[in-house]
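Shown next, in C-alpha cells, is the structure this report addresses.
The values are calculated or read from the model by the stated rules, or taken from the named source; none is laboratory data. No experiment lies behind these values; they were computed from the predicted model shown. Cβ placement follows ideal geometry from the backbone for every residue including glycine, while neighbour counts extend to all protein chains displayed.
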Amino acid sequence: MDSYSIWQLVLICLVVCCAIMALVWVWANKIKNAGVVDIFWSYNFPVIALLLLYLADGNPTRKVLICSMVAIAGFRLGTHLLVRVVGHIREEEGRYQQLRKEWLPNPDRKFFWFFQMQALSNVFLAIPFFIIVTNTNAAISALEYLGAGIWAIGFIGEAIADWQLKEFKKSPASKGQVCNIGLWKYSRHPNYFFEWLMWVAYFVFSLASPYGYWAAVSPLVILYLLFKVTGIPATEEQAVRSKGEKYKAYQKSTSVFVPWFKK
C-alpha cells in the first residue's frame with residue numbers, strides 16, 4: 001500500500017466528506033428538511049476513521065483503537081439522529097426553520113455552503129485522528145489508555161442522556177413539558193457535555209503522539225460551537241419558544257453544561 005503524508009490524508013478525507021455533504025444537500029433540498037445534515041455530520045467521522053484505518057501507516061494497534069472509538073461514537077450518534085429526524089422527515093427542526101427564514105430569498109443556496117462548511121468542520125475537528133494514526137511508535141502509552149477511559153465515560157454518558165430524553169418524549173404527557181429526569185435533572189445539556197468529553201479524550205489520547213498538543217484545538221472548537229454557535233444558544237432559543245416560562249424556570253435552577261446539583 002502506498003504511504004500517504006498527513007496532508008494527503010487530510011485532502012482525501014476533505015474531498016470525500018464534501019462529496020457526501022453535496023449529496024446530502026440534494027436530498028435535503030428535495031425533502032425541504034436541512035436537519036439531515038446533523039445525521040451525516042456524525043456519520044462523516046466513521047467515514048474518516050475507515051479511510052485513516054486503511055490509508056495511514058501508523059502503528060496498527062493504535063490505528064484500530066482510535067478508529068474504533070471514532071467509528072463507534074459517530075455511528076451511534078448518527079443513528080440516534082437518523083431515527084429522530086426520519087421519524088419527523090416532513091417536520092424540519094425549529095432552528096433550521098429559523099435559518100430558512102433568515103436566509104431568504106435563497107435559503108437552499110446558502111444551505112449548500114452551510115453543508116460544505118459542516119464537511120470542512122468534520123476534517124478540521126479530526127486533527128487528533130490524523131496525528132494519532134501517523135504515529136508509528138509500537139508501544140501504547142498510559143496517556144492513550146487514559147484517553148480511552150475518558151472516552152468510555154463520555155460515550156456511555158451521552159448514550160444514557162439521549163436515551164432518557166427519547167423516553168421522556170415518548171409520553172403524551174411530556175408534550176410542552178421540560179425534560180427534568182435522570183442526567184437532565186443536573187444539566188440542561190448532558191448530551192453536549194458528554195460529547196465534548198469524548199473530544200477531550202481524543203486530545204488526551206493524542207498527547208502520546210508527536211505534535212499531539214495541536215489536538216487541543218478540537219475540544220476547544222467544540223466548546224466554542226456548543227456555547228456560541230449551533231449548540232446551546234439555538235437549542236435554548238427554540239426551547240424557550242416552545243416551552244416558555246417552564247423552560248426559563250429550568251434555566252434558573254439547572255446547570256447549563258456540566259452536570260451539577262440544582263440551584
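Here is how the numbers come out for the structure above:
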| read-out | value |
| --- | --- |
| Residue match in the stretch 191-206 (condition: closer than 22 Å to Lys169 by Cα, touching a Gly at 6+ places or on another chain (Cβ under 8 Å), modelled with pLDDT of 95 or more and hydroxyl-bearing (Ser, Thr, Tyr)) | yes |
| Test: residue in the stretch 240-252 that is assigned by TED's automatic domain parsing to the domain that holds Gly157, under 21 Å from Ser121 (Cβ atoms) and surrounded by 16 or more Cβ atoms within 10 Å (Cβ to Cβ) | no |
| Residue among Val64, Val36 that alone is free of Cβ contacts under 8 Å to residues at least 24 places away in the same chain and either under 27 Å from Asp108 (Cα atoms) or surrounded by fewer than 19 Cβ atoms within 10 Å (Cβ to Cβ) (or both) | Val64 |
| Residue that is surrounded by the most Cβ atoms within 10 Å (Cβ to Cβ), among those in the stretch 1-33 that are touching a helix residue (DSSP H, G or I) at 6+ places or on another chain (Cβ under 8 Å) and not aliphatic (A, V, I, L, M) | Cys17 |
| Single residue of Ile72, Ile89, Ile127, Ile131 found to be within 20 Å of Asn44 (Cβ to Cβ) and over 19 Å from the mean Cα position of the chain (by Cα) | Ile131 |
| Answer residue from the stretch 74-90, given it is part of a loop (DSSP other than H, G, I, E, B) and touching a residue at least 24 places away in the same chain (Cβ under 8 Å) and is surrounded by the fewest Cβ atoms within 10 Å (Cβ to Cβ) among those | Arg90 |
| Hits in the stretch 136-169 - residues which are of a type outside the set (Gly, Ala, Ser), surrounded by 15 or more Cβ atoms within 10 Å (Cβ to Cβ) and either under 19 Å from Lys246 (Cα atoms) or within 22 Å of the chain's Cα centre (by Cα) (or both) | Glu144, Leu146, Ile150, Trp151, Phe155, Glu158, Ile160, Asp162, Gln164, Leu165, Phe168 |
| Subset of the stretch 154-198 (residues that are assigned to a loop (DSSP other than H, G, I, E, B), closer than 20 Å to Gln238 by Cβ and touching a residue at least 40 places away in the same chain (Cβ under 8 Å)) | Gly176, Gln177, Val178, Asn180, Ser187, Arg188, His189 |
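Residue by residue, here is whether (1) surrounded by 17 or more Cβ atoms within 10 Å (Cβ to Cβ); (2) on the phi < 0 side of the Ramachandran plot; (3) touching a Ser or Thr at 6+ places or on another chain (Cβ under 9 Å); (4) not assigned by TED's automatic domain parsing to the domain that holds Gly94 holds:
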position: Ser171; (1), (2), (3), (4): no, yes, no, yes
position: Trp184; (1), (2), (3), (4): yes, yes, yes, yes
position: Trp196; (1), (2), (3), (4): yes, yes, no, yes
position: Val217; (1), (2), (3), (4): no, yes, no, yes
position: Leu220; (1), (2), (3), (4): no, yes, no, yes
position: Lys228; (1), (2), (3), (4): no, yes, no, yes
